[in-house]
Amino acid sequence: MASYEELGTFIQEGNFAETQNQVRALLAEGKSPGELIQKGIIEALDIVGKRFSEGDCYIPEMLVSAKASQKGLEIVKPLLVQSGFQPRGKIVMGTVKGDLHDIGKNIVAMMLEGAGFRVIDLGYDVPPEKFIETLKAEKAQILAMSCLITTTMISMRNTMDALKEAGLFGKVKVMIGGPPTTGDFAKKIGADFRGKDAYDAVEEARRSIP
């Protein structure tokens, strides 16, 4: 008999095949897609994220766990659409213009999606106008920007300026992340918060969209 505990174990271990097998088995037993995501996928990723935040696991482990959760979501997503399930909220995210690094951003995107958000990932080297265009088109509640290079932090400031010019400042929550960023920098450019790691980013997003 399948269980959420087993599903959680397979996700934490990064076992793609068994994650999908367990998801199929739980659905066959009558578990709803929404409950499966909450009690199986989200809770497992919360454990992984907390372990990472406390230094008990590292980026490669978090990455394979996040990818395993994605494999499970691939099966559940079509059923969610059919059932009319609504995501917790929409998040537009990307690595800012001039920066080609996206491994950390990809992990955060997968963790956010696993936590029930709809993530519109624009990739890397994203100019301010692309962020604004997508925010308007998707009517997203959160903008998440990442950078790895100190010199590209200016692109975050430029995007904040574009947000103000577009009349979206104060209407969209803004989260920044990446090694060179700080909480003080977030305040300086007008961002609402900084995600210090993937687990923290998910928690901040949850607080922004209760």
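How tilted is helix 198-208 with respect to the longest principal axis of the chain? Cα atoms for both, answer in degrees (0 to 90, nearest 10).
For 198-208 against the chain, the angle is about 80 degrees.
Where only protein heavy atoms count, and the probe is 1.4 Å, what is the accessible area per residue for region 1-159 in Å²?
Working: 7500 Å² over 159 residues.
Averaged over the residues of region 1-159, the accessible area is 47 Å².
Which percent of the accessible heavy-atom area of region 71-210 goes to carbon and sulfur, probe 1.4 angstrom? Could you put the intermediate results ahead of the total?
On the way: 3460 of 6580 Å².
Ligands and nucleic acids excluded, carbon and sulfur reach 53 percent.
Taking region 1-79, which chymotrypsin sites (Phe, Trp or Tyr not before Pro) meet the DSSP loop condition and have no more than 16 other C-beta atoms within 10 Å?
Numbers: sites: 4, 10, 16, 52, 58; in loops: 58.
Of the chymotrypsin sites (Phe, Trp or Tyr not before Pro), the ones in loops of region 1-79 whose Cβ has at most 16 other Cβ atoms within 10 Å are 58.
At most 12 other Cβ atoms within 10 Å plus a DSSP loop assignment makes a site exposed; report the longest stretch of the chain without any exposed trypsin sites (Lys or Arg not before Pro).
Numbers: sites that count: 139, 171.
For trypsin sites (Lys or Arg not before Pro) (loop position, at most 12 other Cβ atoms within 10 Å), the longest site-free span of the chain is 1-138.
Normalised by the number of residues in region 111-210, what is the relative contact order in percent for Cα pairs under 8 Å and 6+ residues apart?
Details: 105 pairs, mean separation 27.6, N = 100.
Worked out over region 111-210, it gives 28 percent.
Is region 110-198 best put as rounded, prolate or oblate by its Cα gyration tensor, with a ≥ b ≥ c the root eigenvalues, rounded for a/c under 1.5, and otherwise prolate when a/b is larger than b/c, oblate when not?
Working: a/c = 1.42, a/b = 1.06, b/c = 1.34.
Rounded.
What do you get for the angle between helix 153-165 and the principal long axis of the chain? Use alpha-carbon atoms, 0 to 90 degrees, nearest ten.
Rounded to the nearest ten degrees, it is 80.
Show which lysines lie in cross-link reach of residue 187 when reach means a straight Cα distance below 18 angstrom and same-chain residues fewer than eight apart are skipped.
Reachable lysines: 164, 171, 173, 196.
Tell me which aspartates and glutamates have Cα within less than 16 Å of residue 97's Cα, excluding those fewer than 8 residues away on the same chain?
Once the sequence-local aspartates and glutamates are set aside, what remains near residue 97 is 121, 125, 129, 133, 161.
Between 170, 104, 89, where does the largest GNM mean-square fluctuation fall for the chain, given springs only between Cα atoms within less than 10 Å?
Among 170, 104, 89, the largest GNM mean-square fluctuation belongs to 170.
Identify which of 109, 25, 144 has the largest mean-square fluctuation in a Gaussian network model of the chain, with springs joining Cα atoms closer than 10 Å.
25
Could you state the number of Å between the C-alpha centres of region 164-210 and region 56-111?
18 Å
Once the Cα gyration tensor of region 7-68 is diagonalised, what are the square roots of 5 times its eigenvalues, in whole Å and ordered largest first, as equivalent ellipsoid semi-axes? It would help to have the intermediate numbers written out before the result.
Values: eigenvalues 101, 29, 8 Å².
After diagonalising the Cα gyration tensor, the semi-axes are 23, 12, 7 Å.
The values are calculated or read from the model by the stated rules, or taken from the named source; none is laboratory data. Quantities reported herein were computed from a predicted structural model and do not represent experimental measurements. Cβ: placed from backbone, ideal geometry, glycine included. Neighbour counts: every protein chain shown. Heads up: the accessible areas ignore ligands, DNA and RNA and are worked out on the full protein's heavy atoms, side chains in. Shrake-Rupley method; radii C 1.70, N 1.55, O 1.52, S 1.80 Å.
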